[in-house]
Amino acid sequence: MKRIHFIYLIAITGVLFLGQQTSQAQEKLTLQQAMQMASQQNYSLKRAREQARIAQNNVYQGNAGLLPTVSLQGGINYSNNNSTFEFASGDTQSQNGAVSVGTNASIRADYVLYNGGVNKRNYESLKLAAEQGNIATQQVKQNVLVGLVASYYNIAELQENYRVALEAVKISKDRLERAKKRQEFGTSNSINVLNSEVSLNNDNLTVVQLKQQLRNAKRNLNVFLGRDINVDFTVDSPGEFKAIASLDKLKDEAYSKNVQLKNIKYTQLTSELNLRIAQGSRMPTVALNASYGFNRSQNQAGFILVNQSLGLSAGLTITYPLFDGGIRRKNVQNSKISIDVAKTQYEEIKQQIDRDITNAYANYENNLNILKLNQQNEVIAQKNFDAIKSSYNLGQSTNTAFREAQLGLIRAKINAINAKFRAKFAEMSVLLLTGRLLEESPGGKK
């Protein structure tokens, strides 16, 4: 008996402390605010944007070989040698410590006039890579939003479950007080009091567990928001369900806006460009070069003491690949295979989206129907509990009947809450697959 009272005291103290903490002012975080914050601060999204910036910075003609290269070169050579010269006449000439100094400087320009269009295709490939980088950023943002919305709704669901648990504690406390008074007046026995205390303890433990789950869920959401994980806040209950179009319209919307399909489409375009690059490598390369240079050589030994030149030189080279071990032929074959792979992957993902959107739409409608049934059941359970409670207060219902009615009401409320959030998750799946989740987020596709 003393042990039960001790547990009861600890549980009540914990609930009062938690209630006091909850009553303190907390940040009210709306879903739109959370999405805006994640769009600006989420670490994964920041990293994806920086990678997209790198791909965008790579898009310039010089990186594709479309611009000439200009280089400046200069040098000086020094030598000190003992030299001996022997002439055809038989005479010889020797000089020790003969110094020779050579200097040179030049500016050179090289430009590829033609190489089968490879450089132009490389430039187009760089632009495609930049666009695909933006698509990859959208995909990362979409994944972040999915996790964020799921985490947000999880907190909202736990908040509502926590509210139901607090209501259960309040009812159990009232029941315990009545049981104690009845025992004092001799209309009840200690067993009813003990049963009431056990029920209250169980309800208090549920509150404590839900409070910890809420703390963990808030830390998870703070990670998505890219801020201190210990920031406390409350969230809004989800609003009205969005208007969902017919299944056929949803499929058309998904085919045109789904990020995965867009990404595969760019992969296919890149493979087609790689094929044209591989085919272009079979063509000759025509390159132009020109240089303007200065050369001077000064010697203390030999016939020519000073040799100096200054002037312009230019040249045109044509290179035609005759044989490279079959590398270019294999590159062409592999590029064609890559195109087929991309087409197959596109059709595969399209089929998966067709399946997923059909399932998501069916789940959404089914969960809405389940929600209506659970809401009706909650109304019935509330009426049943109110009737049993009135009867119990008059001493006409047993302690067991009261607890069963209370548990039935709790289950009905929890089931209605769970059904509501399952329907919201199903709605989110539809918005995700059709690309609307990304479009309707703060900042859109950026």
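The values are calculated or read from the model by the stated rules, or taken from the named source; none is laboratory data. Quantities reported herein were computed from a predicted structural model and do not represent experimental measurements. Cβ sites come from the backbone with ideal geometry, for glycine too, and all protein chains shown count toward neighbours.
Okay, here's what the table says:
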| item | result |
| --- | --- |
| Residues satisfying the stated conditions in segment 134-189, i.e. within 15 Å of Arg403 (Cβ to Cβ) and among the β-branched types (Val, Ile, Thr) | Val169, Ile171 |
| Leading residue by the ranking (surrounded by the fewest Cβ atoms within 10 Å (Cβ to Cβ)) among those in segment 225-258 that are of a type in the set (Val, Ile, Thr) and at pLDDT 90 or above | Ile229 |
| Among the residues listed as Val379, Val430, the single one being without any contact (Cβ under 8 Å) to a residue 60 or more places away in the chain and in a helix (DSSP H, G or I) | Val379 |
| Residue that is farthest from Ile264 (Cα to Cα), among those in segment 110-160 that are assigned to a helix (DSSP H, G or I) and in contact with a strand residue (DSSP E or B) (Cβ under 8 Å, 6 or more places away or on another chain) | Gln159 |
| Residue count, segment 30-53 (criterion: β-branched (Val, Ile, Thr) and without any contact (Cβ under 8 Å) to a residue 12 or more places away in the chain) | 0 |
| Failed condition for Glu197, given (1) crowded, with 17+ Cβ neighbours inside 10 Å; (2) under 22 Å from Gly147 (Cα atoms) | (2) |
| Given (1) assigned to a helix (DSSP H, G or I); (2) more than 30 Å from Lys120 (Cα to Cα); (3) of a type in the set (Val, Ile, Thr); (4) out of contact with any Lys or Arg (no Cβ under 9 Å at 6 or more places or on another chain), index of the condition Thr270 fails | (2) |
| Positions within segment 175-217 being free of Cβ contacts under 8 Å to residues at least 24 places away in the same chain and among the basic types (Lys, Arg), in sequence order | Lys180, Lys181, Arg215 |
| Some residue of segment 94-109 being crowded, with 16+ Cβ neighbours inside 10 Å, within 25 Å of Ser271 (Cβ to Cβ) and small (Gly, Ala, Ser) | no |
| Those helices (runs of 4 or more DSSP H) lying entirely in segment 1-89 with at least 2 residues among the β-branched types (Val, Ile, Thr) and either surrounded by 13 or more Cβ atoms within 10 Å (Cβ to Cβ) or modelled with pLDDT under 95 (or both) | 2-23 |
| Pick from segment 140-188, criterion small (Gly, Ala, Ser) and buried (at least 19 other Cβ atoms within 10 Å of the Cβ), ranking: farthest from the chain's Cα centre (by Cα) | Ala179 |
